[in-house]
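Notes for the one structure printed next.
Throughout, read-outs are computed from the coordinates displayed, never taken from laboratory work. The shown structure was predicted, so the numbers you read here are calculated from the model rather than taken from an experiment. Because the Cβ atoms are built from the backbone with ideal geometry, glycine has one as well, and the counts that use them run over all protein chains shown.
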């Protein structure tokens, strides 16, 4: 194998701002609400996973240089939830 075998990343670092964190997991119940701290794990109906990457080095594109950023979001629905 040639080069770096990495298949994804590097990801942005953790941030107290969820919109800036590199890897974010969000949990929802059947009503689309985030479960509270006392909620039962059986109430889980969906998990959204967001990954945000940012290049390690600046890239020259046209005029100036910037870090390349990208993101992807996946929603996972829980099958056959407990009733």
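Diffusion of the chain by Stokes-Einstein, at 10 °C in a medium of 1.306 mPa s and with Rh set to the Kirkwood radius over alpha-carbon pairs, works out to 103 µm²/s.
How high is the relative contact order of the chain, in percent, counting Cα pairs under 8 Å that sit 6 or more residues apart? It comes to 26 percent, rounded to a whole number. Each peptide in 45-51, 72-78, 17-23 was scored by the mean count of other Cβ atoms within 10 Å over its residues; highest first, the order is 45-51, 17-23, 72-78.
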